[in-house]
1. For the range 114-167, name all the residues that are modelled with pLDDT under 80, open to solvent by 100 Å² or more (accessible area, probe 1.4 Å) and under 54 Å from the mean Cα position of the chain (by Cα).
2. Residues in the range 65-77: is at least one open to solvent by 100 Å² or more (accessible area, probe 1.4 Å) and under 30 Å from D115 (Cα atoms)?
Amino acid sequence: MSTIVKNIEEKKETLEPMIAKLKQERSVFQQIRDEHNIHKSRYEELQQKLFDENKSLEEKSSMMQKECEERESVYKLLTTTESITASTLLESKIEEVLPEEEPYSTANLSQLYQDKYDQLQQLQNELRKEQQGKKGGQDYNSKQDAMFKSLKLLLEMKQRSLVSEER
């Protein structure tokens with residue numbers, strides 16, 4: 001039995017430094033675990049904040065998208081209404097111009113467009129005549145400019161001759 005006790009005592013002596021080292025390692029491990037838990041809780045808080053912020057942004061984005069879709073719908077409605085109003089106005093103007101018995105007759109519309117075309121042709125001819133009159137005035141102006149330059153040159157020469165006679 002004494003050998004067993006002696007054997008146990010020897011093993012205790014060899015294990016004692018290891019146990020001390022293990023206790024030290026446990027305290028280091030505990031510190032690391034505490035730091036890890038602190039970082040983990042910070043991470044989880046940040047993650048939750050980001051998740052909440054993301055959710056809020058998604059809600060705002062969907063609200064803005066709905067608002068844009070509503071505005072687009074209103075815009076389309078307004079443009080369609082405007083187009084319908086313009087065509088109704090055009091139709092009423094055509095009805096005013098055309099005789100009552102056949103308001104949509106092809107012959108009446110053809111006559112209406114022919115009259116408008118003739119009016120535009122007449123206006124175009126008048127504008128061309130006016131433009132040609134202005135071009136004729138330009139020829140006169142260019143002749144007048146040439147005469148002025150010649151007169152100016154003549155006066156300069158006369159001035160030079162008078163200055164040379166005075167000397």
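1. Within the range 114-167, the subset modelled with pLDDT under 80 is 130-143, 162-167.
Add one more test, that the residue is open to solvent by 100 Å² or more (accessible area, probe 1.4 Å), and what stays is 130-132, 134-135, 138, 140, 143, 165-167.
Listed by number, the residues that qualify are E130, Q131, Q132, K134, K135, Q138, Y140.
2. There is no residue in the range 65-77 that is open to solvent by 100 Å² or more (accessible area, probe 1.4 Å) and under 30 Å from D115 (Cα atoms).
The values are calculated or read from the model by the stated rules, or taken from the named source; none is laboratory data. Since this is a predicted model, take the numbers as computed values, not measurements. In case anyone asks, the SASA skips ligands and DNA or RNA and just uses the protein heavy atoms, side chains included. Shrake-Rupley method; radii C 1.70, N 1.55, O 1.52, S 1.80 Å.
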